[in-house]
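First the structure, in the form of structure tokens, and then the observations on it.
The values are calculated or read from the model by the stated rules, or taken from the named source; none is laboratory data. Small disclaimer: the values here were computed from a predicted structure and weren't measured. When we count neighbours, we look across all protein chains shown, and the Cβ atoms used for this are built from the backbone with ideal geometry, even at glycine. Please note that ligands, DNA and RNA were not included when accessible areas were found on the heavy atoms of the full protein model with its side chains. Shrake-Rupley method; radii C 1.70, N 1.55, O 1.52, S 1.80 Å.
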Amino acid sequence: MTSIPTETAQPGKASLFYDPKIRGYVYQLALLGLVAFLVWSAASNAIENLRAQKIASGFGFWHNAAGFDVNQKLIPFSASGSTYGQAFWVGLLNTLLVASIGIVLSTFLGFFVGVARLSSNWVLAKLAMIYVEVIRNLPLLLQLFFWYNAVLKPLPDARNSIALPGSIFLNNRGLILPNPQFGPAFQAVVIAFFIAVVVAIVFYRWSKKQQARTGTQYPNGLITLALIFGVPLLVFFLAGSPLSFELPQQGRFNLTGGLQIFPEFVALLIGLTTYTAGFIAEVVRAGILAVSKGQTEAANALGLRAGPTLKLVVIPQAMRVIIPPLTSNYLNLTKNSSLAVAIGYPDLVQVFTGTVLNQTGQAVEVVAITMAVYLTISLVTSLFMNIYNKRMALVER
């Protein structure tokens, strides 16, 4: 009996439409095409509207004369001779000034309030809790109006200024301080300061390595303070004290001279600092609570008191929890500074997106530049905080 050979059945080739990989490519191309169509439609519509309204496009306005003045400026700027490009830099520097000072102050205040919320002192803990709950639940814009209209505006006029120690005056025009006048030799003091900072960092890193290798501890805090303050002070006296002050003079009707800090800046700085510190305090509290209680008990068993335990054991471990949300709060503070336009502080939004846009009518270019600036500031801040976070992360051996 002979067997009849049979052909082995081959599975049929599936259609490309049912291939998940091909189907994924098709969907992504379709989405990309849809996004490109939306961008093209928006750009075409904007160009058509600009032509209909006979508004020039491009960045030629950058070098045109501005024709307006700004009360607070960190670089030379005047209504006669300055350009819209210089107005942009004035607004940007004012934004960076209030944001950088606000970040530093809100960090210190937030850490203090966050630690105070966990204090065994009942009154201090409750006061910190009330501060956090009140500040966090009030709109920032309302707080800015409070500091500007209810606290700083009712101050007496210049003729009836409040005299403070050190030839400092306070009135509804702001805070009038002695104006520092720097001599040419003061550059040597600045150079000495930066050299001292570099030396202090090198010494700190060297002392940590020595401590890890031999166990010997060095008074890093005292040596750092001696370097940063002592060296520039020594150079200052050797250079012949190249610093003097122009004191404000109170006349019969007005104040003359001195350095004026405008109330808009003070109100914005206080509002941003206190508001952001309320959120940072909760971040700090959460970070401390994330550290195992056994760490504190082990430190106490070694004889460490509460202060050194918090500084040397708890906070360093809590930082890996604190830093990511802390970065978000820094970004929020910078972006919230754009609310300065409500109280008249000449930041980037008020000067560039406000006055410059109204005078030139080139909304697309001005808004695009402003958005690019805030995006760049946020990305740079995130980059440095991520580098710091990586250095603070636990290293498994």
task = Could you tell me whether the stretch 374-396 includes any residue that is among the small types (Gly, Ala, Ser), over 30 Å from ASP69 (Cα atoms) and open to solvent by less than 60 Å² (accessible area, probe 1.4 Å)?
result = yes
inquiry  = With the requirement that a residue be small (Gly, Ala, Ser), touching a residue at least 40 places away in the same chain (Cβ under 8 Å) and surrounded by 14 or more Cβ atoms within 10 Å (Cβ to Cβ), what does the stretch 200-255 give you?
reply    = ALA239
query = Tally time: how many residues in the stretch 125-159 are more than 28 Å from the chain's Cα centre (by Cα) and surrounded by 11 or more Cβ atoms within 10 Å (Cβ to Cβ)?
reply = 6
query = Any idea how many residues of the stretch 271-297 are of a type outside the set (D, E, K, R) and open to solvent by 50 Å² or more (accessible area, probe 1.4 Å)?
reply = 6
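Within 32 Å of the chain's Cα centre (by Cα), under 30 Å from THR274 (Cβ atoms), open to solvent by 80 Å² or more (accessible area, probe 1.4 Å) and modelled with pLDDT under 95: does that describe LEU118?
no
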key: Those residues of the stretch 215-229 which are modelled with pLDDT under 85, polar (S, T, N, Q) and part of a helix (DSSP H, G or I), in sequence order   = ASN220
remark   = Selection over the stretch 344-381 where residues are closer than 27 Å to PRO316 by Cβ and out of contact with any helix residue (DSSP H, G or I) (no Cβ under 6 Å at 6 or more places or on another chain) yields a count of 1
inquiry  = Can you tell me how many residues within the stretch 74-107 are among the aromatic types (Phe, Trp, Tyr) and surrounded by fewer than 16 Cβ atoms within 10 Å (Cβ to Cβ)?
reply    = 0
query = Pairs under 8 Å by beta carbon, first residue within 14 Å of ILE270 (Cβ to Cβ) and outside any loop (DSSP other than H, G, I, E, B) in the stretch 137-154, partner among the hydroxyl-bearing types (Ser, Thr, Tyr) and modelled with pLDDT of 95 or more, six or more apart or different chains?
reply = LEU140/TYR275; GLN143/THR274; GLN143/TYR275
request  = Could you check, for the stretch 48-60, whether at least one of its residues is in contact with a Pro (Cβ under 7 Å, 6 or more places away or on another chain), surrounded by 13 or more Cβ atoms within 10 Å (Cβ to Cβ) and modelled with pLDDT under 95?
outcome  = no
